[in-house]
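The values are calculated or read from the model by the stated rules, or taken from the named source; none is laboratory data. These figures come from a predicted structure and were not determined experimentally. All Cβ positions, glycine included, derive from the backbone under ideal geometry; neighbour counts span all protein chains shown. These area figures cover heavy atoms from the full protein model, side chains too; ligands, DNA and RNA do not enter into them. Shrake-Rupley method; radii C 1.70, N 1.55, O 1.52, S 1.80 Å.
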Amino acid sequence: RIHLAYLVDRSTPSEDELHPGSDVVRGLSQTPKTLPPRYFYDDRGSLLFEQITELPEYYLTRTETEILNTCAPEIVDITGACELIELGSGNSTKTRILLDAYRSAGHPLIYCPIDISAGILESSAQSLLIDYPDLEVYGLVGTYELALKKLPYAQLPTRLIGFIGSTLGNLSPAECDLFLSQITAALNPKEYFLLGIDLHKSSAQLEAAYNDRQSITAEFNLNMLRHLNQRFQGDFDLAQFAHVAIYNERDRQIEMHLQSLSAQTVHLQSLNLTVEFREGETILSEISRKFDLEEMKELLSAKNLDCVQVWTDPNQWFAVLLCQR
Ligand code: AVI
């Protein structure tokens with residue numbers, strides 16, 4: 001019962017399909033230098049991210065899981081029988097909390113994970129089927145943007161699009177705005193959107209979460225350079241770069257950088273690219289925005305997504321919002 005649909009927009013191939021690595025060339029040619037966070041997630045990077053979610057300092061995943069454990073039955077009460085569409089299927093621990101709650105209420109289970117990787121979709125669906133033998137899985141392989149345009153019609157009375165894990169925080173304000181418009185466009189009136197967001201808090205706590213004592217986050221950040229070396233025949237010397245993560249209080253975002261420890265020249269052969277670094281120069285590899293709950297509710301309602309219910313943890317570190325179009 002795993003149905004996979006591959007979404008390829010043949011009429012307008014993406015910039016990446018036409019010119020692989022053009023985003024790397026663009027990011028490394030500008031000042032200050034940047035790299036797109038999607039290059040974190042090769043196989044090793046995905047494993048390192050799983051390890052991050054279990055770190056003592058990285059409260060995000062643990063806190064969101066606790067919130068979902070308490071609010072899942074309420075979500076089910078509000079939505080009733082519904083198709084669960086999940087953006088980014090990753091590790092399914094949090095998905096299982098929702099599936100359990102729908103199952104306990106005796107609702108049929110239809111799950112539509114969306115991911116760019118068919119391998120990840122297939123393996124996470126296989127493992128879910130072991131515990132949920134009645135589950136119907138309709139996986140969509142493609143970008144969120146494409147998948148949101150091609151969501152199958154609901155076979156159940158309503159649909160719930162889930163975007164948990166505070167991945168929204170990794171989008172710039174402009175990207176976030178566009179993404180929320182795409183969510184609204186994908187939903188029919190009265191359908192639901194479930195969003196998990198990390199809330200702003202002290203710099204000390206945030207900086208600890210992105211500078212863990214075991215240096216797994218540093219490994220995760222540096223792994224991006226290893227990935228680029230493999231993918232584009234590069235010669236980044238990982239020993240010549242350091243992980244830096246600081247909280248920018250004004251913009252309420254963690255900024256993760258790779259800092260060059262010396263003046264050096266790096267080549268990415270298959271991109272025909274030579275990059276000069278000054279000693280101390282940085283590449284911005286990720287932002288992780290931390291939200292204000294009231295501002296987020298306003299932004300959502302400006303997108304016609306009305307907050308039906310919000311749940312947070314006792315410390316107000318993280319929030320889960322259920323919205324309705
Ligand atoms: C995936 N995303 C929500 C993580 C975050 O916290 O912004 C990625 C991450 N970067 C460093 N640690 C975790």
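Some notes on this structure:
- Using R0 = 30 Å, the C-beta based FRET efficiency linking Arg231 and Glu66 works out to 0.20.
- Accessible surface of region 101-224 [probe 1.4 Å, protein heavy atoms]: carbon and sulfur percent: 56
- Rolling a 1.4 angstrom probe over region 1-77 with all protein chains present gives an accessible area of which 54% lies on carbon and sulfur atoms.
- Solvent-accessible ranking of Ser123, Ser288, largest area first, probe 1.4 Å: Ser123, Ser288
- Amide proton proximity set for Leu261, modelled H, under 5 Å, gap of 5+: Phe241, Ala242, Gly280
- Excluding ligands, DNA and RNA, the accessible surface per residue across the chain is 46 Å² with a 1.4 Å probe.
- Stokes-Einstein D (µm²/s) once Rh is taken as the Kirkwood radius of region 1-121 over alpha-carbon pairs, at 20 °C in 1.002 mPa s: 122
- Working note: Karplus 6.51/-1.76/1.60 with θ = phi - 60° gives region 123-134 the couplings 6, 6, 5, 4, 6, 5, 5, 5, 8, 10, x, 8 Hz, where Gly and Pro are set to x.
- For the chain, taking Cα atoms only, Rg and Dmax work out to 20.2, 63 Å respectively.
- Charge context of Tyr144, other residues only, Cβ under 12 angstrom, K/R +1, D/E -1: -1
- Relative contact order [Cα under 8 Å, 6+ residues apart], the chain, whole percent: 21
- Amide H within-cut-off set for Asn248, under 5 Å, with H built and near neighbours excluded: Gln253, Ile254, Glu255
- Which of Pro113, Ser14, Leu135, positive extreme of dipole for region 1-138 (C-beta unit charges): Ser14
- Degrees between helix 173-186 axis and first principal axis of the chain (Cα, 0 to 90, nearest 10): 30
- For the chain, the longest principal axis of the Cα atoms and the long axis of helix 59-79 meet at an angle of about 30 degrees.
- Structure note, pairs Lys149/Lys190; Lys33/Lys290; Lys190/Lys290; Lys150/Lys190; Lys201/Lys297: Cα-Cα distances above 21 angstrom occur for Lys33/Lys290; Lys190/Lys290.
- The residues His200, His257, His19, sorted by heavy-atom accessible surface at 1.4 Å with ligands and nucleic acids left out, run His19, His200, His257 from largest to smallest.
- Cα gyration tensor category, rounded, prolate or oblate, for region 117-160 with a/c compared to 1.5: oblate
- Cut-off 13 Å between beta-carbons: net charge of the residues surrounding Cys307, Lys and Arg +1, Asp and Glu -1: -1
- Centre-to-centre separation between the Cα atoms of region 259-325 and those of region 170-242: 5 Å.
- Axis angle, to the nearest 10 degrees, between helix 216-232 and the longest C-alpha principal axis of the chain: 70 degrees.
- Taking a point 7 Å from the Cα of Ala5 along the Cα-to-Cβ direction, the residues of region 93-115 with backbone N closer than 20 Å to it are 109-115.
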